[in-house]
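This report refers to the structure that appears directly beneath it.
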Amino acid sequence: MARDAQGQLIDPYHGARDLEARWLRHVSPAFAEDPVRILRVARFSACYASLGFRVAPETLALMRDMVASGEVDHLTSERVWVETVRALGESRPERFIETLRATVARWRAFFRSWTLVRRTAASRASSRN
């Protein structure tokens, strides 16, 4: 969205309408090119839930397709962890998990991050002894 020199709204993807309706929506098929976007949508859902925002059904469907096709298997544990930590600091962190669950996001990348956390914690604990 932008405004031209005369102040007219330029809104080719109908963002103003989505803001008014409180939708989080992808704007092109290019969304599917980066699986990190799944995590970001889930994080934005956690961040803006208190304002009434929710993920648009077609965006959830695309996220499910990305999970089903294995796109998320390319995510590194570190990236999953970073987005998870950010989401846990948002106003409604439970929405992050709920959004991922809605995408059937029980994928390996998410759980690899928890494995990484456990290993890091175990390593730190053993180094203290």
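Quick note: the coordinates plus some simple rules give every number you see, no bench work behind them. Worth saying up front: this structure is predicted, and the values here are computed from it rather than measured. No Cβ is skipped: glycine too gets one built from the backbone with ideal geometry, and neighbour counts run over all protein chains shown.
Some points to look at:
- Residue exposure proxy: 101, 95, 40, ordered by other Cβ atoms within 10 angstrom of their Cβ from fewest to most, comes out as 101, 40, 95.
- Each of 74, 14, 26 was scored by other Cβ atoms within 10 Å of its Cβ. Arranged with the fewest first, they read 74, 14, 26.
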